[in-house]
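Accompanying notes for the structure given below.
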Amino acid sequence: MAKIGRNDPCPCGSGLKYKKCCLGKDASQILAVAEKNKEASLKEKIIDLQEKAIARQASFYTLGAFILFTTVTGDGWVLEITEMDAVQVASNGKKLDIAIEENAETIEINWTYHFVLEGKIFIAKSYANNEITNWEGYPTHSIASAIKKIKKMFSPELLRSIYHDENVPEIKHNI
């Protein structure tokens, strides 16, 4: 393996700088992570998620700082926990088109919602028109647990470095 500079992109494919990712790991560990990241394309996971939503199969999994889930009603969502962004990828068993650009170094998604959890209710505020929608029957307990787990896995500095937008809308909502 060639010499990697601290500020070079990490060879594992995470999109982070080497010093914030795999610095200190040996070459075999980095290659193993690279292979895992190669297999875990977010676009591919979203396609799989949409197929499960069409089949009305409930599913739930995480990928890095993302949470992906489907419901038996045919809804599918991708959540990003650093800024609590969300995009619906399926609704009522139908695939929705989403804007996503992914390469070896970055992932860009046109997030359409900011989300919060209030008890058993998933609440989303649209970026387009500030409309607030409540969804019941979503796996809010699993989502909350995954958020805590993901935030423990990544340092606050790393999570802040992933997302650069300071203008996150606030959701004010009484249930």
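The values are calculated or read from the model by the stated rules, or taken from the named source; none is laboratory data. Quantities reported herein were computed from a predicted structural model and do not represent experimental measurements. All Cβ positions, even for glycine, are placed from backbone atoms using ideal geometry, and neighbour counts span all protein chains on display. Side chains are part of the model used for accessible areas, which takes the heavy atoms of the whole protein and leaves out ligands, DNA and RNA. Shrake-Rupley method; radii C 1.70, N 1.55, O 1.52, S 1.80 Å.
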Quiz item: How much of the accessible area of the stretch 35-130, probe 1.4 Å, is carbon plus sulfur, in whole percent?
Solution: 48
Quiz item: Counting Lys +1, Arg +1, Asp -1, Glu -1, what net charge surrounds residue 21 among other residues with beta carbon under 11 Å of its beta carbon?
Solution: +4
Quiz item: With each pseudo-label sitting 7 Å past Cα toward Cβ, what's the residue 23-residue 142 distance in nm, one decimal?
Solution: 3.7
Exercise. Taking the Cα centre of the stretch 60-113 as origin, work out the dipole magnitude from +1 charges on Lys and Arg Cβ and -1 charges on Asp and Glu Cβ, in debye rounded to 20.
Key: 360
Exercise. Order the following by accessible area, largest value first: 152, 43, 52. Probe radius 1.4 Å; ligands, DNA and RNA are ignored.
Key: 152, 43, 52
Self-check item: Environment charge at residue 70 (Cβ cut-off 12 Å; Lys +1, Arg +1, Asp -1, Glu -1)
Solution: +1
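In the structure displayed, which of 120/152; 95/149; 94/151 lie more than 25 Å apart, Cα to Cα?
On the way: 120/152 23 Å; 95/149 29 Å; 94/151 31 Å.
Violating the 25 Å limit, Cα to Cα: 95/149; 94/151.
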Quiz item: Working out 0.36 nm times the residue gap between residue 8 and residue 135, then minus their Cα-Cα distance, what length gain in nm do you get to one decimal?
Solution: 41.5 nm
Practice problem: Return the long-range amide H neighbours of residue 84 (sequence gap of 5 or more, or a different chain), with a cut-off of under 5 Å between placed amide H atoms. | Solution: none
